[in-house]
Every structure is written in C-alpha cells, then in structure tokens.
1. So between Ala261 and Lys331, what do we pick up on full extension, going 0.36 nm a residue minus the alpha carbon distance?
2. Counting only protein heavy atoms and a 1.4 Å probe, tell me what percentage of the stretch 60-157's accessible area is made up of carbon and sulfur.
3. Tell me, how many Å apart are the Cα centres for the stretch 202-234 and for the stretch 12-53?
Amino acid sequence: MREEARTRIAGLLYDGILSPQDWHAGLNGLRGLLGAGLFDYFTLDTIRAAVSDSVHNQGDVGLQAEKMREYKDHYIGQDLRMTILAQMPVAQVMLDHEHISLREMSRNVVYTDFLRAHGFQHTLGVLVRDESGSRDFLGFVRPTDHVPYGADDTNLVYQLMPDLRRAAALRVRSQHLMRRAALGLLALDNLPQALAVVDAKCRIQYNNPSAGRLLADTSLLRVRHGCLECTVAQAQAQWQKQVERACGSEGAAMAGAQSLAGASERLVVTVLPLKASHAAVAHWQTPLALVVLTDPASPGGMSPDLIGDVLGLSPTEARLALLLASGKTVKDFAALHGCTWNTARAHLAQLLRRTGCRRQVELVALLQSLRLG
C-alpha cells in the first residue's frame, strides 16, 4: 500500500511541473505518509535574502496563510533549522532533534513563539535544489504530541528524493520558459510592425494585432485552414520554400524575403528562422519561422529595442544590425563602441547565426526589406 502511495506521489510531482494543483497534491500526499501536520515548500532568493515562492497546506492541520507569511517575514532569519539546512548538501535529510538540543529549542523564538504556540514541534527538512541564486527548501512538521521523525520517515523521503529533485528542477525551468514566452509575446503584441510566427507548413502559431489588421485589409495574403498563404500561385510556391528553409535544422535554417504586388498594393514578406533562444519559443515546439509583413509605402524605421524584440537579438547585436543596414562597416562599429575588430567580428558571426544569414550582404538585404535602415 505504501509503495502504491509513493508511486502516486511521484506521478503527482511530475504532473506538478506544469500544474500547481498537482504539485501541491503531491507534497500534501507525502505529508500524509509522514504523519505530518504541516508541509512548507519554499524558494529562497539568496541574492535578495527573501522568499520568492511558497507552497504549503492550510486549514485545521496547518497554519493559515497569514501565519506562514509572518514566519517568512519575521522568523525565518532566526530559525535554527534553516541555519543547519543551509550548511547541508542538497538532498540530505535533516531531523531537528538530531541537530538541535531541547535546551536550544527552549531558547529559540521560532520554537517558543511560533511552532509550539501553534501546536507543532518535530521537523524533517531537506534542501531540494540549489542553483542560480535560489534554493528550494522542503519541511514537514509534526504536532507536539507526536513522536519525532525516525529512520522509516527518512528512508521514505530518500526513496522519493530523485523524483522530487528532478520534478523541482523541471518545474523551475518550465516557469522560466513560460515567463520568457509571456514577456516575448507581450513585446511582439505591442509592436507596430506586422509579425506572425509559422511552422514549416505555414500554419500560424501566433500573429500580433498589427498583422491581424494587415491580413484583414490585404488581397495579397490570406489565412486558409489556419495557414498563411499568398493569393498568387507562383508567389505561394516561393513563399512555401522560404518558410521551409527558415524552419530547417539549426545549422541549415536560412532567412529570405520576397515582394508581393497587386493592382494597388505591395507587401514585402520577410521570413527569418526563429531560434530557440528567442523569447517567443518554447523548448518543446517544432522549428518555427518569424514572418514580418511590411508595406513599402509606409514610414519605416526601428529602434534597437524594437529590432531586438522582433529578432530575439541582444542589444549589442541589434545596434550592429542597424549600423550595417545604414551602410556602415564592422570596423565602424568597433570604433564607435570602443571594442576590438575581432570582438566586433564575433558579434557579427552571432548576428548571422541568429538571423539565419550566411553572409553580411544577405543580412543587409534582409534588414533593408524590413525597412530598418
């Protein structure tokens, strides 16, 4: 029965990578197996010395949310248990009665004014993750009238620890990616340039409001069955080929541009590989391409910040791109920014990789098609 419960908890922890409810359920299930009244899983930002995330149980068997906030705001810095855990290796279980004497507990404000005041005493704690300026701690506390934790409890946590550590690391990674994606798409949403993200079959994965308005007004492009198409057959064949090239493998992906013309309108369609480093891309997605739709008759121009948002470039790469589009050279960039020619060449090489261009002349042509110069 206990083995089945442990398997179920591990499954909930993995489901909890993307589901806060399942993450809570998995930790709460482990609390039940350990006979604890309270569990608390929190992330400590070691740079700001502040708790950035916290998950715990509430209700009759736990502490109300305001009490947990009170602990994190006023008591955590005086907690003997945290001092010990911070010095222990990741994944090593700590039982407080093995490290803290009854006399020390009786003199510590966390035990006297917080834990015992709310009917709690015995703690099992572990440092789950320690990386990139943040640490994840997990603690289970039993009521005062329960026996301290023992070897069976420690072994149970050790058995689940590989799954817990792996799920915790993936959870942090997925949260980071979701924040990146949200910020990236928000930036694209607010751009005046018409942008769309498509896969190798030209299926639209995203388009910003500017693209939505342009597609509603133009006769040169259309959305059919969720795919972005050119209305002229010959142009469609070229368009499809460009998208397939842009969605090629990391080393083979290439950018391209074509001009579409009608009786009274004209569009420049620029297709660029959307690298995995771009904020709008999640690591589980298939290769994508960024499509920029430009009306040559409209006023052009982009700031370095805008081109950085569109192409996923660093500020330095964006400034270099704009300088090249204006007719300057790599040497001009080096002189202007006070760096060596070799450093400027390294920035150019990275810029070519990010945009999928093979040569500088291709890069300049693409930037000019975007009206960046």
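The values are calculated or read from the model by the stated rules, or taken from the named source; none is laboratory data. Remember, predicted model here, so these are calculated numbers, not experimental data. Accessible surface areas use protein heavy atoms only, side chains included; no ligands, DNA or RNA. Shrake-Rupley method; radii C 1.70, N 1.55, O 1.52, S 1.80 Å.
1. 21.5 nm
2. 48 percent
3. Cα centres, the stretch 202-234 to the stretch 12-53: 44 Å.
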